[in-house]
Amino acid sequence: MAGDWLGLAGRVAIVTGAAGGIGSAIAAELAGAGVAVALLDLDGAAAERVAAALGAQGAKVAAAACDTADQASVAAAFATTRAVLGDADILVTNAGILRPGPLADLPVAQWNALMAVNLTGYLLCAQAVRPQMVARGGGAIVHIASIAATNPQPRSGAYSASKAAVAMLSRQIADEWGPDRIRSNVVSPGLIRTPLSEAFYQAPGVLDRRSAMVPAGRVGTPQDIADAVTFLASPRAIYVNGAELLVDGGLDQVMLGLVPRPGY
């Protein structure tokens, strides 16, 4: 359908972790839909490079370095981008880290460091954007969680616990902030090939084996996540609040199919 079907033209979005594979795809998709996008990343120079590429295509953008686990850094970054683009209608909390390790001897400092980014950082960004959204008469927050939120990923330290907590955080925001016309939803990716996970796919046979596990027959791409996020951020999803959208090609549905059943 021609035109601004999503109704996003003229809106303002903030994307955290915007220099990474998924974050940059989300920023590009939103920009393509007519959204002015603020790109935040711990690597400020990388965020600037992604913003420059989008700006060269005609997008209205801003970029800033931001440590989402640090309240002062979040406040400063949100103030910087607000000065350039104005109050935000959309927040995509995407910044995250992985610190692998078995739980039996996982250092508490490592657990806390991951939780600070993957969970507390999501809260800090939501708190920072709330006054802007209230000023705009409402808004949409989309949190990036993971299929690991409901399927424990062994030897990954606090990762699964953090993503499960993000899903509940989103539901609580939906409940508490819904009366202010602020929606909060979650996108949970399955197997997505990104620069961060590329080392796995360089091992012989891994791509084929992973693809064979997924009913869709392939490993996902950052664009798959960007498409889902853009829909949830748009007025087309105006009555979707407190939901979790699995974007995994059906991977979550095959678990029982891996259990041996003689005769089937």
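Brief remarks on what is shown
- Scope region 171-227; condition free of Cβ contacts under 8 Å to residues at least 12 places away in the same chain and among the acidic types (Asp, Glu); matching residues: Glu176, Glu198, Asp208
- Scan of region 161-181 for residues that are of a type in the set (D, E, K, R) and within 19 Å of the chain's Cα centre (by Cα), ordered by number: Lys163, Arg171
- Residue check for Gly96: at positive phi, in a loop (DSSP other than H, G, I, E, B) and not aliphatic (A, V, I, L, M): no
- Search result, residues across region 151-160 that are assigned to a helix (DSSP H, G or I) and either touching a residue at least 24 places away in the same chain (Cβ under 8 Å) or more than 17 Å from the chain's Cα centre (by Cα) (or both): Tyr159
- Filter result for Ala126 (assigned to a helix (DSSP H, G or I), under 20 Å from the mean Cα position of the chain (by Cα) and at pLDDT 95 or above): yes
- Options Asp89, Asp41: the member that is under 24 Å from Ala165 (Cβ atoms), charged (D, E, K, R), at pLDDT 95 or above and surrounded by 17 or more Cβ atoms within 10 Å (Cβ to Cβ): Asp41
- When residues of region 92-109 are limited to those that are β-branched (Val, Ile, Thr) and more than 16 Å from Leu39 (Cβ to Cβ), the one surrounded by the most Cβ atoms within 10 Å (Cβ to Cβ): Ile97
- Tally of residues being out of contact with any Gly (no Cβ under 8 Å at 6 or more places or on another chain), in contact (Cβ under 8 Å) with a residue 40 or more places away in the chain and of a type outside the set (A, V, I, L, M, F, W, C) across region 243-263: 1
- The set of residues from region 132-150 being in a loop (DSSP other than H, G, I, E, B) and more than 14 Å from Val247 (Cβ to Cβ) comprises Gly137, Gly138.
- Of the candidates Ala38, Ala19, the single residue that is of a type in the set (Gly, Ala, Ser) and in a strand (DSSP E or B) is Ala38.
- Of everything in region 121-150 that is polar (S, T, N, Q) and closer than 27 Å to Gly220 by Cβ, the residue that is surrounded by the most Cβ atoms within 10 Å (Cβ to Cβ) is Ser146.
- Positions within region 52-74 being in a helix (DSSP H, G or I) and more than 17 Å from Leu91 (Cβ to Cβ), in sequence order: Ala52, Ala53, Leu54, Gly55, Ala56, Ala72
- For Leu232: the one exception among (1) over 24 Å from Met115 (Cα atoms); (2) free of Cβ contacts under 8 Å to residues at least 60 places away in the same chain; (3) crowded, with 18+ Cβ neighbours inside 10 Å: (2)
The values are calculated or read from the model by the stated rules, or taken from the named source; none is laboratory data. As the structure is a prediction and not an experimental result, all values here were calculated from the model. Glycine gets a Cβ as well: all are built from the backbone with ideal geometry, and neighbour counts include every protein chain shown.
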